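See structure below.
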Amino acid sequence: MAPTAVMQSGKQYTTERVSLDDYAKQLTQTFAAGGLTPDQLCGLGEADLLTIPAGVVFHDPTEGMRAFWILLEGEVLSEKAEADGSRMRVYTARKGDSFGEVLLLTGKAPSIYLTASQPSIGLRLDENTFWNLMSCCLPVRKMVLANMEQRLQAHMAEAAHREKLISLGTLAAGLMHELHNPGSAAKRAASQLRENLMRLQELSLRSSSKAKSPDQLECMHDLLEHAVKSCHAPAMSSLEQADAEEAMSDWLESAGVENAYTVGPALVGIGFQQHELDCAKAAFASGGLSDALNWLESLVSSVSLVDAIEESVGRVSELVMAVKKFAYDDRCTLREVDVHDSIQSTLTILGHKMRQRQITVVKHFDAEQPNLRTTGVAVSQVWTNLIDNAIDASPEGGEIEVRTWSEPGFLVVSVGDHGAGIPEDQRARIFEPFYTTKPVGKGTGLGLEIVKRIVTQSFAGSVEIDSKPGDTRFVVRLPR
């Protein structure tokens, strides 16, 4: 049959129907490792011979055709179409290579783009010819199955790597938000503290120019001692606190104190009451009460700002420590691992994602210290995948429950959500690689597979699921 010109993406390649008997020598070389001889290829039918210039995409998934390819000359790139429209390189075929068997043997829909990176010549076998070749030629069958195993393993490794990168990207995005809040709070507090220190200096210079009586010095000493001890008022309702601040501010204003409505709330906040300021009003009757109380307010405010900075920096340290524990989880020698600490680190890292959807976490931790003697082996990755799935499954404003308890010889951890549940016909498959119930582009289908692999292979434990609408729980049992 004469060659036929085919246009693809504005470029042309040719295809010609040929007998496989005419290419027995080349096929024998391709499958030589399996012990194929030319006489085993006689009468196997026809195939398409493609002559492809460099840069031509000669096969794409929209054609809906599965085929087995044998490259006689050149080089071909195999790329998988992703849900977001991008392409992931799967394989680079060179002279003598065969490919395409994975889709044929698994029966999956075509998802591969083939592009000639160099001028290439290849044979395309349709499904019937491929199965005829597989059934008649044992050497071909051995080679094809061996190639499929290698490619599936490589694909699994690549997909697992992508899953880890996606997880790290999610964690990194959450960490950025988590660090932003305490960082911004510390910056604001430092700016206000600078203003307070300048104000304190100004008030101190103004006060030092005026002589103080013994009564005034004693009064200032008592007020300062009260402030430094940070004596807080008993807890009040919002309405009670507002009334107390307004009453204090009105009293200060009537006493001629500047910034009365700024000083008042600060004094109420550390437990001052009006009668405790009577000594100051009497001692500074001749003047200076305003400067004295403004100085006291600036000092109290500065102490509060230092507390805010300390708390913010502590929060940053806590986040860094949580990430460090997660990152180095599987790089340690044999040690005691506190499971509660490991779970809490995961909750800290995923905190931003939960707050975005207003999801709360209810923790019921066993009173007994739940230690595992282990090298780590990515135990945090188990909690991350389970809790992240629970967040995705929960409705906005929902609740996630994390429980731990002990059984003879086992530590048990349960992660539950109140989402729609997992249909019964899907539960048997949820631990399969690449199986996902999430929308396209939202999941890789490897999270639960990783959970089961770590729990069963690294810990010799078990993972069970109990699901019904409104209540889904994953229960992990780890031998101590």
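Going by a ≥ b ≥ c, the root eigenvalues of the Cα gyration tensor, does the range 101-162 fall in the rounded group (a/c under 1.5), the prolate group (a/b larger than b/c) or the oblate group?
Values: a/c = 1.80, a/b = 1.23, b/c = 1.47.
In terms of gyration-tensor shape, oblate.
Using heavy-atom solvent-accessible surface (probe 1.4 Å) with all chains present, what is the largest-first order of Glu399, Glu449? Intermediate values should be presented prior to the final figure.
On the way: Glu399 70, Glu449 25 Å².
I get Glu399, Glu449, largest accessible area first.
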- prompt: How much accessible surface area, in Å² rounded to 10, belongs to the heavy atoms of Glu336 with a 1.4 Å probe?
  reply: 100 Å²
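How would Ile309, Ile400 line up by accessible area, probe 1.4 Å, largest first? Walk me through the intermediate numbers first.
Values: Ile309 45, Ile400 0 Å².
If we order Ile309, Ile400 from most to least accessible, we get Ile309, Ile400.
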field: Ser86-Ser204 pseudo-label distance in nm [points 7 Å out on the Cα-to-Cβ vector]
entry: 5.6 nm
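In terms of solvent-accessible area of protein heavy atoms at a 1.4 angstrom probe, what is the ranking of Cys137, Cys279, highest value first?
Details: Cys137 0, Cys279 60 Å².
The most accessible residue leads, giving Cys279, Cys137.
Would you please name the chymotrypsin sites (Phe, Trp or Tyr not before Pro) within the range 261-305 that are DSSP coil residues with at most 13 other C-beta atoms within 10 Å of their C-beta?
On the way: sites: Tyr261, Phe272, Phe284, Trp295; in loops: Phe272, Phe284.
Here no loop site has a sparse enough neighbourhood.
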- line: Nearest-0.05 FRET efficiency for Ser406 and Met156 at R0 = 35 Å, using Cβ-Cβ distance, is 0.50
statement: Label model pair Glu253, Val306: point-to-point distance (7 angstrom along the Cα→beta-carbon line) in nm is 3.2 nm
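Report the local net charge at Leu123: Lys and Arg +1, Asp and Glu -1, summed over other residues whose C-beta lies under 13 Å from its C-beta.
Details: positive: Arg17, Lys25, Lys95, Arg124; negative: Glu16, Asp21, Asp22, Glu46, Asp48, Glu73, Asp97, Asp126.
Combined, the nearby Lys, Arg, Asp and Glu give -4.
Can you figure out the FRET efficiency of Met65 with Met176, using R₀ = 41 Å and their beta-carbon distance, to the nearest 0.05?
0.35
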field: Efficiency of FRET between Gln118 and Ser462 - r from beta-carbon atoms, R0 51 angstrom, step 0.05
entry: 0.50
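Going down the list Lys25/Lys95; Lys108/Lys468; Lys80/Lys108, which pairs span over 19 Å between their C-alpha atoms?
Lys108/Lys468
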- prompt: When the chain is fully extended, how far beyond the present Cα-Cα distance does Glu368 get from Ser191, taking 0.36 nm per residue of separation?
  reply: 59.2 nm
query: How far, in nm, would the chain grow between Val57 and Leu224 when pulled straight, counting 0.36 nm per residue and subtracting the alpha carbon separation?
result: 52.0 nm
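The values are calculated or read from the model by the stated rules, or taken from the named source; none is laboratory data. Only a predicted model underlies this, so the values are computations on that prediction, with no experimental measurement involved. Cβ: placed from backbone, ideal geometry, glycine included. Neighbour counts: every protein chain shown. Areas reflect the complete protein model, heavy atoms only, side chains present, ligands, DNA and RNA absent. Shrake-Rupley method; radii C 1.70, N 1.55, O 1.52, S 1.80 Å.
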